[in-house]
Structure formats: C-alpha cells, structure tokens
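Read through the structure below, which is laid out as structure tokens, and then see the notes.
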Amino acid sequence: MKYEQTATGRRQHTVDELHEIYRRFSTQSDESGLYDQFLVPERAEGLHVWFKDRSEPYLDLGMGFSALNFGHQHPRLRKAVAEAVATIEHVHSFNSESKLLLSKALAEMTPGSPNKKVYFPVGGAMAVDTAVKLARAYTGKTKVASFTGAFHGLSFGAMMLTDDAVIDKSMYAPYPGEAVRLPYADCYRCEHGDHGSQGSKCRFQCLQTAEQRLRQDDDIAALIIEPVQGHAGFIVPPEEFIFGLKNLCLERGILFIDDEIQVGMGRTGKFLAIEHYGVEPDIILLSKSLAGGYYPLSAVIARADIWDNISPAGSGIGSTFVNSPWATQVALEVLSVIEEDGLLKNAEKIGAYFTERLKHLEQFDCIDNVTGLGLTQSMAVVKSKETKEPAPEMSKRIQSEALRQHMIVCCSGVERDRIKFVLPLWVDRRDIDMIVAKLYRIVKAVVATS
C-alpha cells in the first residue's frame, strides 16, 4: 500500500476526507461517535485540546475518561516518557528496575500491611480478569459479587461483572461464570424510597439485601466494588455501606476487591478512594492514570498469600506487554509528581471548592444532586427535582451545547442523565471559577430553548 507523501511527510487530509474514511473504514461500535460533531484532535496541553480546522481550543472536562489525572502533556511526565522510551521499549520475562521499585512503592503506600505483591498487566479489564483468577484460585469458589450500576470493563471476564443496565450484554452471552448482583447505595435514588437521607431512614436496606444474598450462597469467591462508582456518574455511597460490606466479606471468607481504576491515583483527594472509608481491601486494582495516560498500564496489588497461592509455572497470568519497563518508569515519576506537587491536598481542597461552586447550578430546575469526592464531581439532569426522574435528552443537549461552546463534557449514569466532570489534580480556584461560569452559560442556553 502506498501513502501519499509530501516534503514534510504523509499528506495532510481534510476533515471531510477523514470523515469519509471514518464512515467507510472505522467501526462505529466503539465510543468514537459519542459526540454529535466529527472532530479530529491534533494537539493538547493542560486543560485544552485543539482540533483540526478549529482555531480555538476546547476545554477538556473529560480527561480521557479519567486517564489524564495530570492533564495533557504534563512537562515532567512528557520528559519521563522521552527518557524511558529512549532507553528501552520492551523486554519480556525479565524484571526491570522500574517494575520492582514501583511494586515496592505501591505495596507500601496502599492500605494495610506492606506484605503485598504487585503485577502490571495492560488495561483495566485485564486487571479485573486477573483479580477474578486470583480469587477463584485462592478460595476454591467460582462466583463474584458485583453491583448495580457497576462498570468493570469489557473483556469477557470483566463484562460478566459489569451491570446489564450499563451496556447491552445479551448479544455476547454466555459468559465465563455467574455474577451475583447486589444493590449499590445510590442514596439520591434509593430504591427503597429513602431519597437523600444517606441510610438514616431506610436503615441501609441495600446493605441488608447484600447480606441476605451473600449469606445464602456458599460459592462466592470475591466481591468487587468501585468505592465511588465511575461510569454510573461518580456515585458516592455512605461510609456505613462500604464498612458493612467489608465486615460481611470477612465473616463469609469472601475476598474484597477494590476497583480504583477510574477514581484512584489521587482523584478523590486521597491516593485511593477506599481510604475515605477506612477499610483494607484484599486486592486493589489501578489503571488509567497510573502511567499518566501515556500507556495503558494497570496494577493488581494483592496480599502476598493470595499471590503465593498461584504456581509460577503455567499460572495463566501474563500477556506479551505486561510489566512494561518504560511504562513502570513513567509511573514512578507519576508517584513523585503526586507527592512533590502536593496534588492529594490540592484535589481535596479544590474539589470541595468545585462542589460548592457547582451547587450554584442547582438553581436551574433541571439540575440536581451535585455530588462527588475531591475532583470526581457530577450533577444529575432531571425532569423534576421532586420525582428525580432522569432527563437523558436534556443531558445530551447540555453535552452538545457544551461542545458548541468549546467545552468537552461526558454524559454518564445508567440512564445517561448525569454530567461528569474530570479535572487534572493541579487545577486552582481560578480554573474552577472559569469552568463553572462557562457551565452556567451553557445550561442557561439549553434551558432557554427548552
């Protein structure tokens, strides 16, 4: 195949030409068609993305589905990538120094005893699959419990655990096992009618239901949970819910898997979101921002006895690009940036300010339930604040108007009725004021034409 070349390299195509190529040759079954405009990104920096044939930058409040906790083109991480790839690209079946040092760092800085071991697969779904393998091998049981609204990935193993309401899973059945579905503590839309009381009236019926289901099944190897549900729209459960689940797991001999893939790496104001609840997971999963968004590095951090239960020979744990020597080197720089730049404290402080400012948008009849932890924030778009009925059409209109006004936001939630905001951990109050002022104009424009 011949490429059309110019003096400076491959011929530049127009947006219309690229759109035709997309229409003819690129699948639209992925999320590349999420927005109602065809835009071709050319470069990015900080909070902004520049698109082909568009002179003005776009404010990015999606940050690559939480893969860019440090924004676009962070200077220290960009330098770390250049140095790492200039040294080594890939060697299989050997232990790079960076892999070993990153293992030690993550084992020591995560909750519980540092007596843990760490493995670095590729992408969050592979991390989830690995955790299921570990749990089944360690307990001798087969089932895994997960939650309504959960998203754990789209590989076969991970999709088994992702809620049916989040994606259409029927066309791919059957799956390699059975997930036990438990109710998540979404107190804004409590299925027991106790809206917004954080369990004080319903007495945590969701936890009682979980307890009943876990007690009646002796074949549950693990429970996997997002301590703040990401795809569902940054749903923050009460502390009693997480604490109660952990106690149930201890009582029943069930491994507690903490999925931090979307909300970990400092996003909530703590390194891990689970730290807000004071419980110690048996297995912790990281990905997305672990290597700053430059490589799909993930981590499976588990108690040493869980890992030691797996025989190294023919373990079924591995893949070509696991334990990447250059990606683990970048991840070490990520940890240094978090610590040296005080990003956990900043995410906590500025996140609280962001929540306060976003709540001003609740003056609109269609905006309700601004919620989040740190810089995981979202708001519900509703037809009525009294009934809390989701308004996904209005949510989509806000997303479209935002894009028209050069702002990238993401519709989320099971009903696609929540707008999520994902910001770099280094943002300041001026950034927040600018973002909220622009969001106000966007929502006002949509309401005015409704």
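Only one of (1) surrounded by 17 or more Cβ atoms within 10 Å (Cβ to Cβ); (2) of a type in the set (Asp, Glu); (3) outside any strand (DSSP E or B) is not met by Asp258, so which one is it?
Single failed check for Asp258: (3).
For region 107-223, which strands (runs of 3 or more DSSP E) that fit wholly inside it have 1 or more residues that are of a type in the set (Lys, Arg), in contact with a Ser or Thr (Cβ under 9 Å, 6 or more places away or on another chain) and assigned by TED's automatic domain parsing to the domain that holds Trp307?
Filter on region 107-223 gives 116-119, 179-182.
Only one of Ser384, Ser400, Ser378, Ser412 is in contact with an Asp or Glu (Cβ under 6 Å, 6 or more places away or on another chain), hydroxyl-bearing (Ser, Thr, Tyr) and at negative phi. Can you tell me which?
Just one listed residue meets the conditions, Ser400.
Would you be able to say whether some residue in region 375-391 is touching a Ser or Thr at 6+ places or on another chain (Cβ under 9 Å), under 17 Å from Ser66 (Cβ atoms) and at pLDDT below 95?
yes
Considering region 288-326 alone, what residues qualify as being touching a Pro at 6+ places or on another chain (Cβ under 7 Å) and not hydroxyl-bearing (Ser, Thr, Tyr)?
Val300, Val322
Name the residues in region 323-371 that are outside any helix (DSSP H, G or I) and small (Gly, Ala, Ser), would you?
Within region 323-371, Ser324, Gly342 meet the criteria.
Regarding region 331-351, can at least one residue be identified that is surrounded by 15 or more Cβ atoms within 10 Å (Cβ to Cβ), on the phi > 0 side of the Ramachandran plot and assigned by TED's automatic domain parsing to the domain that holds Val118?
Taking every residue of region 331-351 in turn, none turns out to be surrounded by 15 or more Cβ atoms within 10 Å (Cβ to Cβ), on the phi > 0 side of the Ramachandran plot and assigned by TED's automatic domain parsing to the domain that holds Val118.
Kindly indicate the residue of region 261-302 that is assigned to a strand (DSSP E or B) and of a type in the set (Val, Ile, Thr) and also nearest to Gly318 (Cα to Cα) among those meeting that condition.
Among residues in region 261-302 that are assigned to a strand (DSSP E or B) and of a type in the set (Val, Ile, Thr), the one nearest to Gly318 (Cα to Cα) is Val300.
Could you tell me which numbered condition Gly71 fails, if it satisfies all but one of (1) assigned by TED's automatic domain parsing to the domain that holds Phe421; (2) under 20 Å from the mean Cα position of the chain (by Cα)?
Failing condition for Gly71: (1).
For region 403-420, enumerate the residues that are among the basic types (Lys, Arg) and outside any loop (DSSP other than H, G, I, E, B).
Once the filter is applied, which keeps residues that are among the basic types (Lys, Arg) and outside any loop (DSSP other than H, G, I, E, B), region 403-420 yields Arg404, Arg418, Lys420.
If Asn247 passes every condition in (1) polar (S, T, N, Q); (2) at pLDDT 95 or above; (3) more than 21 Å from Leu77 (Cα to Cα); (4) part of a loop (DSSP other than H, G, I, E, B) but one, which one does it miss?
The failed condition is (4).
The rows are residues; the columns are (1) among the hydroxyl-bearing types (Ser, Thr, Tyr); (2) in contact (Cβ under 8 Å) with a residue 40 or more places away in the chain; (3) farther than 23 Å from Ala273 by Cα; (4) out of contact with any Ser or Thr (no Cβ under 8 Å at 6 or more places or on another chain).
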position: Gln12; (1), (2), (3), (4): no, no, yes, no
position: Gly46; (1), (2), (3), (4): no, yes, yes, yes
position: Phe70; (1), (2), (3), (4): no, yes, no, no
position: Val85; (1), (2), (3), (4): no, yes, yes, yes
position: Ile88; (1), (2), (3), (4): no, yes, yes, no
position: His92; (1), (2), (3), (4): no, yes, yes, no
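Using beta carbons and a limit of 9 Å, which pairs, at least six apart or on different chains, have the first residue in region 387-407 and over 22 Å from Val49 (Cβ atoms) and the second one basic (Lys, Arg) and not in a loop (DSSP other than H, G, I, E, B)?
Here the result reads Lys388/Arg189; Pro390/Arg189; Pro390/Arg418, each pair linking region 387-407 to a residue that is basic (Lys, Arg) and not in a loop (DSSP other than H, G, I, E, B).
Residue check: is Ala448 surrounded by fewer than 20 Cβ atoms within 10 Å (Cβ to Cβ), more than 18 Å from His72 (Cβ to Cβ) and among the small types (Gly, Ala, Ser)?
yes
Quick check on Arg23: is it without any contact (Cβ under 8 Å) to a residue 60 or more places away in the chain and assigned to a helix (DSSP H, G or I)?
Criteria met by Arg23.
Taking the residues in region 421-450 that are among the small types (Gly, Ala, Ser) and in a helix (DSSP H, G or I) as candidates, determine which candidate is farthest from Val228 (Cα to Cα).
Ala448
The values are calculated or read from the model by the stated rules, or taken from the named source; none is laboratory data. This is a predicted model, so every value here is computed, not measured. Positions of Cβ are backbone-derived with ideal geometry, glycine not excepted, and every protein chain shown enters the neighbour counts.
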